[in-house]
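The values are calculated or read from the model by the stated rules, or taken from the named source; none is laboratory data. Everything numeric in this text was worked out from a predicted model, so none of it was measured. Cβ placement follows ideal geometry from the backbone for every residue including glycine, while neighbour counts extend to all protein chains displayed. Quick note on the areas: whole protein, heavy atoms, side chains included, nothing else; ligands and nucleic acids left out. Shrake-Rupley method; radii C 1.70, N 1.55, O 1.52, S 1.80 Å.
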Amino acid sequence: MDIRLGNGFDVHRFGAGDHVTLCGVDVPHDRGLAGHSDADVGLHVLCDAIYGALAEGDIGTHFPPSDPKWKGAASEVFLAHAASRAAARGYAISNVDVTLICEHPKIGPHAAAMRARVGEILGLAETRVSVKATTTERLGFTGREEGIAAMATALLVRK
């Protein structure tokens, strides 16, 4: 078996808005996330984890922020592309794990919907998708509620 492990890390600052999109789910919040696309930090780190496992760069390699074509794009497009790249090379995504790092909004009430959405995009059972959250105990930029950070791991297998 050929097993590949990739990880991703990303941050987005808060900006104007009335919700954040995390792992494909709109979560009510008093601010939005700033970014070239929809700024879904949860899906961005999953892309980077898959691209990393494939040794194919990162999300910016495939979807440059300098390209106006991707302005405001839904990040599910990026994640579907990453999954298709894995499939094209003969890899199945075994499981993914996302950690969202923020004080607010609270992730727990939305985690099941996020797992379902990520599973839907990747064609994975929810039992193969983990979405969880932690705080930084009010330390650093996430602790000051200036933005949200995320990290993810993806395991790819080719038999």
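Numerical summary
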{"read-out": "Surface/4 of the Cα convex hull for the range 17-135, nm²", "value": "7.1 nm²"}
{"read-out": "Per-residue HN-Hα couplings for the range 15-24 [Karplus 6.51, -1.76, 1.60; θ = phi - 60°; Hz; x = Gly/Pro]", "value": "x, 5, x, 10, 6, 10, 9, 10, 6, x"}
{"read-out": "Percent accessible area from carbon and sulfur atoms, the chain, protein chains only, probe 1.4 Å", "value": "54 percent"}
{"read-out": "DSSP-loop trypsin sites (Lys or Arg not before Pro) across the range 2-80, with at most 12 other Cβ within 10 angstrom", "value": "71"}
{"read-out": "Gaussian network model of the chain, springs between alpha carbon atoms under 10 Å - residue of 72, 42, 140 with greatest fluctuation", "value": "140"}
{"read-out": "Quarter of the Cα convex hull surface for the range 1-53, i.e. its orientation-mean projected area (nm²)", "value": "4.0 nm²"}
{"read-out": "Stretch gain in nm, segment residue 88-residue 135, where the contour uses 0.36 nm per residue and the Cα spacing is subtracted", "value": "13.2 nm"}
{"read-out": "Radius of gyration and Dmax over the Cα atoms of the range 115-159, both given in Å", "value": "14.5, 46"}
{"read-out": "Percent RCO, i.e. relative contact order, over the range 11-72, from Cα pairs under 8 Å lying at least 6 residues apart", "value": "26 percent"}
{"read-out": "P(r) weight above 15 Å for the range 61-124, C-alpha pairs, percent", "value": "63 percent"}
{"read-out": "GNM result for the chain, Cα springs below 10 Å: residue of 83, 111, 55 fluctuating most strongly", "value": "55"}
{"read-out": "Contact order normalised by residue count of the chain, Cα under 8 Å, 6+ apart, percent", "value": "34 percent"}
{"read-out": "Estimated distance in nm for a label pair at residue 159 and residue 66, the labels positioned 7 Å out from Cα along Cα-to-Cβ", "value": "4.4 nm"}
